[in-house]
Amino acid sequence: MPSLTPLVSIIIPAHNHAAFIATALQSVAGQTYPRIELIVIDDGSTDDTAQVIAQTLASLGRNMRVAFHRQENQGLGATLVRGLSLATGEFVQFLASDDALFPAMTARLVRALSKAAPDVAAVGCDGYVFDVCGEPHAIFSRQHPIPFSRDQHRELMVGNWLPAMGMLYRRDIIVQEGGIAPDLVYEDWGLLLALTRKHRLLQIPDRLFVYRRHGRNASADLARMRLALNALMQHYPLMAKARDLRAALAARDPVAFWARLGPGTLDLAFRFMLRRVQIRFALSAGQVNPRISEISQSLRQRFGRKRHAAGIEIGPDCFIHPEARLEAGPGILSIGEGCHIGAGAHLVAGPGLTIGAGTFIEAGARIGGPGARTRVGKACLIAARTTIAPGSILGDICVTLPDSHVAGHVPDGCWLVQGLRD
């Protein structure tokens, strides 16, 4: 009989990510889920990644099983194969060393997968994409919308919309279906294609991870990604035919289109065109009504009566630029749910400042000021070197990373690391 609290193995492969790996590790330690096994593998880093891993693991202060291994560079696929061989948990998560998890992520995914039917191989969630170079943040599912079709295997032939860092898998099904192909750079895409031949995937709408773009992601190496795609298409030849056909459609080349038309390819080309429409209008399966609601709310905020004429009210899912200086004067400053407050941003309000749930506060931000009570919503991720002024109140299951200064009430359930001042 499965455990009521199954062990979750979180596997982190790391290569030359000394600047990011500490945040990833700290976000794992900040999970509210009680039974976690952490497996970290340094894949031949030539920078200080291994040293940062060792130092961070020593300072986490959480009681969990930890395995840290170093190896000569073998590539991502082979590293994940090794990590999976070391895992003992009933469920498995894979986390890139430059990404981070919100505190409730593992708990919510475990709850969903535990309740799912036996043929469900994995459950995924939504999250946030942000660019350390200053590009606006985005919601992952807006950039990679969930297809309307229920044929997940064929939809994955068109493209992968599922977040690698936002999935929780049943380990026995991964092993049963052959594990991870070590020769694939698109290891998550290949794994999902293998799983969906016989099994289903579920997604919940909760936004529970931060996907970081910084110019050194593997996906930024276009030549490498082309080779990776070619390797994937060798495993699934129909993908190559579908890509040729959709290229002809995009180029409006009828001769090439008819030459490439064959069994199964027209269906995939149509799926590709529908996916383009979804991205253009931010339409995701199961999320059309919420999008309409958000648009209506935005119109009401723009043209309706303002409740706080002297203050500043910012809606949900907004990006506040790192150089922003928001001062509400005597009014209230209100930040909606799921926002991203950039590094170095300074937010001040006279009578008070409210930050919505699920907000990501980037490193170096300064929140609040003299006499301004700051209320931080639940499940917020407060990055390193952030300052939140005296009188603040943190919501439940917030994560505060090292060297941040929070002066105020910190409830039970918040995860605080060494170096934090109350």
### Message
Go through (1) among the hydroxyl-bearing types (Ser, Thr, Tyr); (2) in contact with a helix residue (DSSP H, G or I) (Cβ under 8 Å, 6 or more places away or on another chain); (3) closer than 13 Å to His17 by Cα for Ser45 and report which single condition fails.
### Response
(2)
### Query
Can Pro316 be described as part of a loop (DSSP other than H, G, I, E, B) and modelled with pLDDT of 80 or more?
yes
### Task
Kindly check whether there is at least one residue in the range 108-115 that is surrounded by fewer than 23 Cβ atoms within 10 Å (Cβ to Cβ), modelled with pLDDT under 90 and not in a loop (DSSP other than H, G, I, E, B).
no
#### Entry: Subset of the range 43-66 [part of a loop (DSSP other than H, G, I, E, B) and more than 22 Å from the chain's Cα centre (by Cα)]
Gly44, Ser45, Thr46, Asp47, Asp48, Gly61, Arg62, Asn63, Met64
### Message
With the structure loaded, tell me whether Ala228 is within 30 Å of His17 (Cα to Cα), at pLDDT below 75 and either open to solvent by 60 Å² or more (accessible area, probe 1.4 Å) or touching a helix residue (DSSP H, G or I) at 6+ places or on another chain (Cβ under 8 Å) (or both) or whether it fails that test.
### Response
no
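Okay, residues lined up against (1) modelled with pLDDT of 95 or more; (2) buried (at least 21 other Cβ atoms within 10 Å of the Cβ); (3) more than 21 Å from Val123 (Cα to Cα):
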{"site": "Val8", "(1), (2), (3)": "yes, yes, no"}
{"site": "Ala22", "(1), (2), (3)": "no, yes, yes"}
{"site": "Ile39", "(1), (2), (3)": "yes, yes, no"}
{"site": "Thr56", "(1), (2), (3)": "no, no, yes"}
{"site": "Arg70", "(1), (2), (3)": "yes, no, yes"}
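So, in the range 322-356, exactly how many residues are in contact with a Phe, Trp or Tyr (Cβ under 9 Å, 6 or more places away or on another chain) and polar (S, T, N, Q)?
Result for the range 322-356: 0.
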### Residue under evaluation His69, criteria (1) in a helix (DSSP H, G or I); (2) without any contact (Cβ under 8 Å) to a residue 60 or more places away in the chain; (3) in contact with a helix residue (DSSP H, G or I) (Cβ under 8 Å, 6 or more places away or on another chain), criterion not met
(1)
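Restricting to the range 1-42, name every residue that is in a loop (DSSP other than H, G, I, E, B), closer than 19 Å to Leu168 by Cα and under 23 Å from the mean Cα position of the chain (by Cα).
Those that are in a loop (DSSP other than H, G, I, E, B), closer than 19 Å to Leu168 by Cα and under 23 Å from the mean Cα position of the chain (by Cα): Pro6, Leu7, Gly30, Gln31, Thr32, Tyr33, Pro34, Arg35.
The values are calculated or read from the model by the stated rules, or taken from the named source; none is laboratory data. This structure is a prediction, so every number in the text was calculated from the model and none was measured. Positions of Cβ are backbone-derived with ideal geometry, glycine not excepted, and every protein chain shown enters the neighbour counts. Quick note on the areas: whole protein, heavy atoms, side chains included, nothing else; ligands and nucleic acids left out. Shrake-Rupley method; radii C 1.70, N 1.55, O 1.52, S 1.80 Å.
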